[in-house]
Each structure stands twice: as structure tokens, then as C-alpha cells.
1. Out of VAL33, VAL52, VAL21, I need the residue that is within 21 Å of the chain's Cα centre (by Cα) and closer than 30 Å to LEU140 by Cβ. Which one?
2. Among residues belonging to region 153-173 that are of a type in the set (A, V, I, L, M) and part of a helix (DSSP H, G or I), point out the one that is nearest to VAL33 (Cα to Cα).
3. Any idea how many residues of region 118-130 are surrounded by 12 or more Cβ atoms within 10 Å (Cβ to Cβ) and either in contact with an Asp or Glu (Cβ under 8 Å, 6 or more places away or on another chain) or assigned to a loop (DSSP other than H, G, I, E, B) (or both)?
4. Where in region 1-67 are there helices (runs of 4 or more DSSP H), lying fully within it, with 1 or more residues that are under 25 Å from PHE188 (Cβ atoms) and either in contact with a Cys (Cβ under 8 Å, 6 or more places away or on another chain) or free of Cβ contacts under 8 Å to residues at least 40 places away in the same chain (or both)?
5. List the residue pairs whose Cβ atoms are under 7 Å apart, where the first residue sits in region 78-99 and is without any contact (Cβ under 8 Å) to a residue 12 or more places away in the chain, the second is surrounded by fewer than 16 Cβ atoms within 10 Å (Cβ to Cβ), and the two are 6 or more positions apart or on different chains.
6. Please go through region 68-108 and give me each residue that is over 19 Å from the mean Cα position of the chain (by Cα), outside any helix (DSSP H, G or I) and loosely packed, with under 15 Cβ neighbours inside 10 Å, ordered by number.
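Read-outs throughout are calculated quantities, based only on the coordinates presented, and are distinct from any laboratory measurement. Predicted model, so just to flag it, every value in this text is computed and none were measured. We place every Cβ from the backbone using ideal geometry, glycine too, and count neighbours over all the protein chains shown.
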Amino acid sequence: MDPATRELILHNLAPMLRATVTMTLPLTAVSFVIGLVLALLLALARLSPLWVLSVPARVYISIIRGTPLLVQLFIVFYALPQFGIVIDPFPAAVIAFSLNVGGYAAEVVRAAILSVAHGQWEASWAVGLRYPQILRLVILPQAARIAVPPLSNTLISLVKDTSLASTILVTELLRTAQLAAAPTFDFFALYGVAAVYYWVICLVLGFGQTRLETRLSRHVAR
């Protein structure tokens, strides 16, 4: 590695880390939390016997899963202003990512709920619990354990997908690397650093997933 490249990397380590902490991670966290709430609502709607709930949920999930995330980002940020709806880059990214996570995670949550033995529902009805209580106290805690691995994969994918926010002017990790490399065209070095940052984040999340799975498995009857 030549001295100029080394100096370029060292000079931009802190700015790229700052972009990771102040933009990439908050964008991931906020979008994932909102997306999970939306996913739960969509999953319950899909499971509902009422077509006015299940059909719109099916259509929404189909649209989200059938269109590229980049197109969804562009619609929120570039297309909506044509209808007088102007959204700043960061909130636009949060909206697009949340909608995307909701569409994908909804099927994960639905599958997890369906995997809980039907006898759990029957036993809960028998002791007088109502539907919201059954979900909160019986079904969702069991479904959560089943859903952790696929939802963790969704979260890890979201971390990497936040790099697409650079296309709508969000100054997150990748865009910071692009701007820093532009004057010298030494993109390989700074993109490599960005890749390491993403990799480290995903390693930490993978470790957290393992710990969470271990903790939840303690409450499973053997």
C-alpha cells in the first residue's frame, strides 16, 4: 500500500465511523423497529378470516416482495414530490426501508405464529383468555423464539441495504466513502474500509442473535 493511500484511509477512518454511528445504525434500528410493528399487523391481517383485512395485506406483501428496494426508495424520495409530498432524505429512507421490512418480515411472523401448536389456542380459550391476551401471553412469546433466526437475517440484510440510501443523498457510510474517494479516485481503498465496517456490524449482530437464541431456548420444555 502506497503512503498516499494509507494516509487517505487513516484520514477517513473517523468520518466513516461517525457516519456509521450517526446515520447507518440509526437508520437500521428505526427502520427495523417500525418494520417489525408493520410486519406483525400485516401477519395478523393475513391470518384474519375477514377478507377486508387479509386481501389488502396479501396485495401489499406481494407488491413489496415483487419490486426492487431501490425502486421503492426512488418512489418515496423522487416520485412523491410530483404529488406535493416532499420528504427529506433520512425520513424518506426510513419510510422506504420500514415498508420493505414490513412486507418481508410479515411472512416470517405469520409462519412463526402458524408454527405454534393449535392446542395452545384451544387451551387458552378454555381458560377464558381473549384473543389479544392469547396473542400477547401465549402465542407471540412462542412465535418469537421461532422467528428470531429469519428476522435476524432480515436485520443483517437491512444493514447492508442501507447503503442504497446513498442514492437519495443520505450521507451514511457508503456515501461518506464515495465523497472521500472522489477527489483521488481511490475508490478501492475506501470501499474496502466501508466493507469492513459493514462486516463488523453484521458480526456483532450475528453474535447477538446467537445469545438471544440461547436465552430464549432456556424456556423451552425438553
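1. VAL33
2. LEU155
3. 1
4. 3-19
5. Listed by first residue and then by second, the contacts come to ILE87/LEU80.
6. Hits for region 68-108 are GLY84, ILE85, VAL86, ASP88.
Yes/no matrix, rows are residues, columns are (1) part of a helix (DSSP H, G or I); (2) without any contact (Cβ under 8 Å) to a residue 24 or more places away in the chain; (3) among the polar types (S, T, N, Q); (4) surrounded by 18 or more Cβ atoms within 10 Å (Cβ to Cβ):
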{"site": "PRO132", "(1), (2), (3), (4)": "yes, yes, no, no"}
{"site": "ALA143", "(1), (2), (3), (4)": "yes, no, no, yes"}
{"site": "LEU151", "(1), (2), (3), (4)": "yes, no, no, yes"}
{"site": "TYR191", "(1), (2), (3), (4)": "yes, yes, no, no"}
{"site": "CYS202", "(1), (2), (3), (4)": "yes, no, no, no"}
